[in-house]
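Here the structure comes first, spelled out in structure tokens, and everything after it is commentary.
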Amino acid sequence: MLNTKIEVSKRKRIEEEAEMASNSVSNLAQAQIKVAAISGSLRRASRNSGVIRCAIEICKESIPGMEIDFIDIEPLPFVNVDLEKNGTYPPVVEAFRQKILEADCILFAAPEYNYSVSAPLKNAIDWASRPPNVWADKAAAIVSAAGGSGGKRAQYHIRQIGVFLDLHFINKPELFIEAKPPQTFFDNDGNVIDPDIKERLKKVLLSLQAFTLRLRKK
């Protein structure tokens, strides 16, 4: 009799855990998360831009409720307070800032220039930090494709900048892609073709999704 009760209790617990897991997946699928994605490289065959394109495809194929908006930062002028008039910014800057403001979280794809952040990316970060700071209190993740270290130093510099901006970065997993020749991670147009990189990128996106939802509940 006692063994029967134990078995019934076990089955009930398993059924409850399965139901909770199912509800959790359902909630994730229903929760809509808008991601603002920025590549710190402007060149046509940029591998970092290719990583963002890959992330977009991954979300479409296997991460319900997560939508990535790839934001072009090339049109942004250099930061110059003389361009600010009565608390407003040039139209292209206003449009950029609005996209960041409307996003639930941020995905940075960061190359490494001279051991640090690329000039286009730093310029974009600075524009969106002008009053009011539209980065504040958002979840964020960084991925990098770069020679040598794979972008580690650039990523850590962005994290340092993010402290002042009140960005909340996921800590794990990290993704550093050592994109130096000879390599087979990308094709000639900068598109990701390596299955392992795609799987690691998916894990980053899932972590960003979960962290964004957790911050939303606070």
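Some notes on this structure:
- Relative to the longest principal axis of the Cα atoms of the chain, the long axis of helix 2-30 lies at roughly 20 degrees.
- Taking all protein chains as shown and a probe of 1.4 angstrom, Tyr113 keeps an accessible surface of around 100 Å².
- Taking every alpha-carbon pair under 8 Å whose residues sit at least 6 apart, the chain reaches a relative contact order of 22 percent.
- Rounded to 5, percent antiparallel among DSSP beta bridges of segment 22-149: 10 percent
- Restraint check, Lys99/Lys180; Lys34/Lys122; Lys85/Lys203; Lys180/Lys217; Lys85/Lys172; Lys99/Lys203, Cα-Cα greater than 31 Å: Lys99/Lys180; Lys85/Lys203; Lys180/Lys217; Lys85/Lys172
- Calculated accessible area for segment 80-120 comes out at 53 Å² per residue, all protein chains present (probe 1.4 Å; ligands, DNA, RNA ignored).
- Total charge dipole magnitude, the chain, about the Cα centre, Cβ charges on Lys, Arg, Asp, Glu only, Debye to nearest 20: 600 debye
- Segment 173-178 - phi-based ³J(HN,Hα) in whole Hz, Karplus 6.51/-1.76/1.60, Gly and Pro as x: x, 9, 9, 10, 9, 7
- Dipole-positive endmost among Gln209, Val81, Tyr115 within the chain (Cβ charges, Cα centre): Gln209
- Angle of helix 91-102 to the longest C-alpha principal axis of the chain, folded into 0 to 90 degrees and rounded to 10: 20°.
- The fraction of accessible area contributed by carbon and sulfur in segment 94-195 is 54 percent, rounded to a whole number (1.4 Å probe; ligands and nucleic acids excluded).
- Helix-only CD estimate at 222 nm, as mean residue ellipticity for the chain, using -39500 (n - 2.57) per DSSP H run (n ≥ 4): -16000 deg cm²/dmol
- Debye-sum result for segment 61-218 in log10 I(q)/I(0), which assumes one identical scatterer on each alpha carbon, at q = 0.14 Å⁻¹: -0.76
- Cα-based helix-to-principal-axis angle, 119-129 vs the chain, degrees rounded to 10: 70 degrees
- Efficiency of FRET between Asn114 and Lys217 - r from beta-carbon atoms, R0 25 angstrom, step 0.05: 0.05
The values are calculated or read from the model by the stated rules, or taken from the named source; none is laboratory data. Note that the structure is predicted; figures quoted are calculated from it, not measured. We place every Cβ from the backbone using ideal geometry, glycine too, and count neighbours over all the protein chains shown. Side chains are part of the model used for accessible areas, which takes the heavy atoms of the whole protein and leaves out ligands, DNA and RNA. Shrake-Rupley method; radii C 1.70, N 1.55, O 1.52, S 1.80 Å.
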